[in-house]
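Undergrad: My questions all concern the structure below.
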Amino acid sequence: MHITSPAFKDNARAALADPGLQRALANARTGFVAKRARAVAALPEFEALREEGRDLKNHVLAHLDFYLEAYARAVEAAGGRVHWCETAEDARRTVVEICRAAGARTATKGKSMIAEEIGLNDHLSASGIEPIETDLGEYIIQLRKEPPSHIIAPAIHLNREDWIEAFRTAHAHLPPDRPFAERKALIDEARSVLRARFLAADVGITGANLLIAETGSSVIVTNEGNGDLTQTLPKVHIVLASIEKVVPTLEDACTILRLLARSATGQEVSTYTTFSTGPRREGDLDGPAEYHVILLDNGRSAMLGTGFQDMLRCIRCAACMNHCPVYGAVGGHAYGWVYPGPMGAVLTPTLIGVDKAGHLPNASTFCGRCESVCPMKIPLPKMMRHWREREFERHLSPAATRWGLGLWAWVAQRPWAYRLAARAGALTLGWLGRKRGRVSSLPLARGWTEGREMPAPEGETFHARYRRLAKRGLA
Amino acid sequence: MLPTPKTAPRVALFVTCLVDLYRPTVGFAALRLLRAAGCTVEVPPAQTCCGQPAYNSGDRADAAAIARALIPALEPYDYVVAPSGSCAGMIREHFAALFDDDPEWKQRAERLGARTFELVSFLVDVMGVERVAAAYDGTVTYHDSCSGLRELGIKAQPRALLATVAGLRLAEMEDAELCCGFGGTFCVKYPEISLRMVSDKVERIAATGADTLLAGDLGCLLNIAGRLTRLGREVKVRHVAEVLAGMAGEVPPIGQAKGG
């Protein structure tokens, strides 16, 4: 996927000026937040469950090698194969090898962020294998040739007219004047078009919300049932999963699932929760003949033992971006790569480099709303600050910022200098704004005064007034 | 459990740099409220800033240097109180993290942090203040500043005290807990996004019909007042301490001139 994270500012500006996107975002902002709030209010033990989830994942991360090996053994025992892939390149190559061995021409896909992370679709196409997205949102953005803008609602940046336009263009075999009066008409059309693709596919590729070490199962949650058709109809099922998805037991999986649906969509449980354990067994009515798991590291093991380890608790529910005022203002594409919002602001720099993704952890007010809703209690603002520290250490922050900070910090360590500077500032700004109580234009603070007045100070600093009054015994 | 107040605890007022520069009246309002609650208040002269601009810009070394200068100035008191959730939160929740490699300073920072409070929550939670002797004729809406709300749990305390202000009516806005877009240096680093956020906030304020917007952090207040005045909206903006201390008559609203 083409990376535009370095142009975050331009991306954001364009997003703010895009009325269609703003309309779509306004709907998204209110829907997810209200639904999650209702689901959480209906579960008195939700806070305790968050702590349980956090502790569970911390335990797994402390013993990740143990649980991954146990998981792999269980998969093999069930007749599946595990492919350990250190890099995105390894994962892409392995998927293509499996597809080629199966003689595959088309591969249906359930929604998978790992597939986005490793740029799988482009690679499959280049290798002569046609990828077909079957999640409705993913299908539409595939038709529009754009990346997802959200990790659970990939087409959230679109309005209904965009969907209709994409369908009319792509489904040229259907009558051009067919009506799309209701949402259902769109869904019915997608279903009829995709049904044939499901039946013809040679390989089905899904992601995994969880891997269970005890049983060797992979778990996906969907609301459309497309995941089930993707993994049961073709003769080969490939699961794409990153290493931090493993949990010890079925019971642990349920802990995560209880948190996941509520945090993501406000559902108590997703419409479909599908457990897959190996290929079709004797007597099974359906299921693939081959079951492969691509176990991807791609930089994650290097996060263990660092200030970013907590990020590996993430279960990709998207609550952080649903509640983020910055994401809500600019949408997911502005972030310029696969993972947007607060979780992306932490994860993206580890995956593509802070030199490219430096804006992401900076474009936050540290309002803390993401952390307050995170089902895994990941300290997202703290880790965004870690990235700012890394940038600062590597001298990646702008020279003017560093120079200004250095001067200010020198003054702030010397109360006498600080008093002088504050008095000068208060006097100057106070004088400039003396008539209206505010200033409309300040050359050094144009970012502020472009959209706001600068309120004028009272004129005398607190400390000056306090000393003056104290001398007269009045303070 | 919160520390038990002594009969007359010695309190250091940490004025904060924005109050010092922009709005000294807030500092005097804090003095009045703390004294009325029975505290002996002093203003340690060696105080400057809590260091957030450096800390949140990734400049950990300078943030630690500023903390090293500030901690000794504030240590000799029973409590440190600031009229800001953001600055109190910095000292309370973040100072210790600056000294991960220095156990002695870390311990000093932890001890100081445990005694540091935001003004209104200190009055209610520590000093047990239940009412204030103030009057304000108007309908106010209250914006929950992010650090105070999410780091320090400040939500009910200002509303409890505002409910005892004679003549004051509270009209809650939609999404009072949503960030106003100030974010320290964020508002100048990403001005378009910040502007969008403060514009949304201003719409929600206007929708309440309140004539006054109150909050506990001057950064948010300057941001919101700046946008309201640019749009020509007739909403008065004040720090909550000004109203609670009955000092709203002593200074025009933020961003407005005397008599205007």
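The values are calculated or read from the model by the stated rules, or taken from the named source; none is laboratory data. From a predicted model like this one, the values you see are computed outputs, not experimental measurements. With ideal geometry, Cβ positions are generated from the backbone for all residues, glycine too; neighbour counts draw on all protein chains shown.
Undergrad: Mind checking which residues of segment A:433-457 are closer than 21 Å to A:Val411 by Cβ and surrounded by 13 or more Cβ atoms within 10 Å (Cβ to Cβ)?
TA: Correct list: A:Leu442, A:Ala445, A:Trp448, A:Met454, A:Pro457.
Undergrad: Out of all the residues in segment B:130-145, which are in contact (Cβ under 8 Å) with a residue 60 or more places away in the chain and under 27 Å from B:Ile205 (Cβ atoms)?
TA: B:Val132, B:Ala134, B:Ala135, B:Tyr136, B:Gly138, B:Thr139, B:Val140, B:Thr141, B:Tyr142, B:His143, B:Asp144, B:Ser145
Undergrad: With the structure loaded, tell me whether A:Ala196 is within 27 Å of A:Arg160 (Cα to Cα) and not in a loop (DSSP other than H, G, I, E, B) or whether it fails that test.
TA: For A:Ala196, the condition - within 27 Å of A:Arg160 (Cα to Cα) and not in a loop (DSSP other than H, G, I, E, B) - is met.
Undergrad: Here's a follow-up. Being surrounded by 21 or more Cβ atoms within 10 Å (Cβ to Cβ) and more than 9 Å from every other protein chain (Cβ to nearest Cβ): is that true of A:Met376 here?
TA: Here the answer is yes, as A:Met376 does meet what is asked.
Undergrad: Mind counting the residues in segment A:407-442 that are more than 7 Å from every other protein chain (Cβ to nearest Cβ) and assigned to a helix (DSSP H, G or I)?
TA: Count: 16.
Undergrad: Which is surrounded by 23 or more Cβ atoms within 10 Å (Cβ to Cβ) and either modelled with pLDDT under 95 or among the acidic types (Asp, Glu) (or both), of A:Asp90, A:Asp135, A:Asp122?
TA: Result: A:Asp135 is the single residue among A:Asp90, A:Asp135, A:Asp122 that is surrounded by 23 or more Cβ atoms within 10 Å (Cβ to Cβ) and either modelled with pLDDT under 95 or among the acidic types (Asp, Glu) (or both).
Undergrad: With the checklist (1) assigned to a helix (DSSP H, G or I); (2) over 14 Å from the mean Cα position of the chain (by Cα) in hand, flag the one item B:Val243 doesn't pass.
TA: Going through (1) assigned to a helix (DSSP H, G or I); (2) over 14 Å from the mean Cα position of the chain (by Cα) one by one, B:Val243 breaks only (2).
Undergrad: Further, regarding this structure: Residue check, B:Glu104 against (1) surrounded by fewer than 24 Cβ atoms within 10 Å (Cβ to Cβ); (2) more than 30 Å from B:Arg131 (Cα to Cα); (3) touching a residue at least 40 places away in the same chain (Cβ under 8 Å), all met but one. Which one?
TA: Checking B:Glu104 against (1) surrounded by fewer than 24 Cβ atoms within 10 Å (Cβ to Cβ); (2) more than 30 Å from B:Arg131 (Cα to Cα); (3) touching a residue at least 40 places away in the same chain (Cβ under 8 Å), the one that fails is (3).
Undergrad: Small (Gly, Ala, Ser) and assigned to a strand (DSSP E or B): does that describe B:Gly89?
TA: In short, no.
Undergrad: Then there's this: Quickly run through segment B:124-148 and pick out the residues that are out of contact with any Cys (no Cβ under 9 Å at 6 or more places or on another chain), more than 21 Å from B:Gly209 (Cα to Cα) and of a type in the set (A, V, I, L, M, F, W, C).
TA: Of everything in segment B:124-148, those that are out of contact with any Cys (no Cβ under 9 Å at 6 or more places or on another chain), more than 21 Å from B:Gly209 (Cα to Cα) and of a type in the set (A, V, I, L, M, F, W, C) turn out to be B:Val124, B:Val126, B:Val129, B:Val132, B:Ala133, B:Ala134.
Undergrad: Okay, moving on. Exactly one condition in (1) in a helix (DSSP H, G or I); (2) surrounded by 24 or more Cβ atoms within 10 Å (Cβ to Cβ) is not met by A:Cys367; state its number.
TA: With (1) in a helix (DSSP H, G or I); (2) surrounded by 24 or more Cβ atoms within 10 Å (Cβ to Cβ) applied to A:Cys367, the lone miss is (1).
Undergrad: Here's another thing I want to ask about it. Return the residues of segment A:443-460 that are part of a loop (DSSP other than H, G, I, E, B), within 21 Å of B:Gly27 (Cβ to Cβ) and out of contact with any Pro (no Cβ under 6 Å at 6 or more places or on another chain); say none if nothing qualifies.
TA: Of everything in segment A:443-460, those that are part of a loop (DSSP other than H, G, I, E, B), within 21 Å of B:Gly27 (Cβ to Cβ) and out of contact with any Pro (no Cβ under 6 Å at 6 or more places or on another chain) turn out to be A:Ala456, A:Pro457, A:Gly459, A:Glu460.
Undergrad: Could you please find all residues in segment A:98-149 being among the polar types (S, T, N, Q) and under 22 Å from A:Thr4 (Cβ atoms)?
TA: A:Ser112, A:Asn121, A:Ser125, A:Gln142, A:Ser149
Undergrad: Which helices (runs of 4 or more DSSP H) does segment B:176-235 wholly contain that include 2 or more residues that are without any contact (Cβ under 8 Å) to a residue 60 or more places away in the chain, closer than 24 Å to B:Ala248 by Cα and at the interface with another protein chain (Cβ under 9 Å from one of its Cβ atoms)?
TA: Result: B:218-230.
Undergrad: Just to verify a result, which residue in segment A:23-57, among those that are part of a helix (DSSP H, G or I), surrounded by fewer than 16 Cβ atoms within 10 Å (Cβ to Cβ) and not aliphatic (A, V, I, L, M), is farthest from the other protein chains (Cβ to nearest Cβ)?
TA: Out of the qualifying residues, it is A:Asp55.
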